[in-house]
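Where a number appears in this text, it was derived from the coordinates with a stated rule and is not lab data. This one's a predicted model, so the numbers in the text were calculated from it and none came from an experiment. Every residue, glycine as well, gets a Cβ built from its backbone with ideal geometry; the counts of neighbours run over all protein chains shown.
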């Protein structure tokens, strides 16, 4: 009879232990599901923010490129106007020089016109340098545009990695799902 009581006590202890184990596994399963849901929600929010930032950056680079093109066109027009102005100043200087030779009382005007002609030539050279700098800026904007497209491609790669992480999180939670069919 002692042996039956021992067996009964052992069975009761096993049933009690298995019941506690089943309750613990159910709690772990609930916690794993909650963590999985939160992780999925966080991943979706991060991907949405990244997509929004990428779209804004692409829009701003496109707008900047358009503005730079307009500015370069204006600089080219200004450069052409300064070229015409330089030619006109040269013609005026020649005319005033001839007038100075014919009229001895006006040599100071001819000298001033020569100085103005030199100043306009200097301005013409400066505008040519500015045009070159603007073209370099346009080239750099093209490089930035390429960098933004590369960043967009990398965001897509990050999205794939995050989706893979989401899959791995779900795979890690599967052992808790597998204990349900065993009746624990």
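Length gain on complete extension for the stretch residue 154 to residue 84, per 0.36 nm per residue less the alpha carbon to alpha carbon distance?
20.2 nm
Report, to the nearest 10°, how far helix 2-102 tilts away from the longest principal axis of the Cα atoms in the chain, using its own Cα long axis and a range of 0 to 90°.
Relative to the chain, helix 2-102 is tipped by roughly 0 degrees.
What ratio of Cα Rg to 2.2 N^0.38 Å holds for the chain?
The value comes to 2.56.
Would you please give the FRET efficiency between residue 115 and residue 73, computed as 1/(1 + (r/R0)^6) with r the Cβ-Cβ distance and R0 = 30 Å, to the nearest 0.05?
In this case the efficiency is close to 0.40.
List the relative contact order of the chain as a percent without decimals, with contacts defined as Cα pairs under 8 Å and 6+ residues apart. Kindly include the intermediate steps, with their values, before the conclusion.
Numbers: 77 pairs, mean separation 74.4, N = 184.
The value is 40 percent.
Applying 1/(1 + (r/R0)^6) with R0 = 41 Å to the Cβ-Cβ distance of residue 92 and residue 56, what FRET efficiency is obtained, to the nearest 0.05? Numbers along the way, then the final one.
Values: r = 53 Å, r/R0 = 1.29.
Computed FRET efficiency for residue 92 and residue 56: 0.20.
Stretch residue 44-residue 64 to full length: gain in nm at 0.36 nm per residue minus the Cα-Cα span?
On the way: separation 20, 0.36 × 20 = 7.20 nm, distance 3.01 nm.
Gain on extension, residue 44 to residue 64, equals 4.2 nm.
Given the C-alpha centroids of segment 131-152 and segment 18-64, what is the distance between them in whole angstrom?
35 Å
Please determine, in degrees from 0 to 90 and to the nearest 10, the orientation of helix 107-178 with respect to the longest principal axis defined by the Cα atoms of the chain, where the helix direction is its Cα long axis.
The answer is roughly 10 degrees.
What's the FRET efficiency of residue 141 with residue 161 using the Cβ-Cβ distance as r and R₀ = 30 Å, to the nearest 0.05?
Once the sixth-power term is evaluated, E becomes 0.50.
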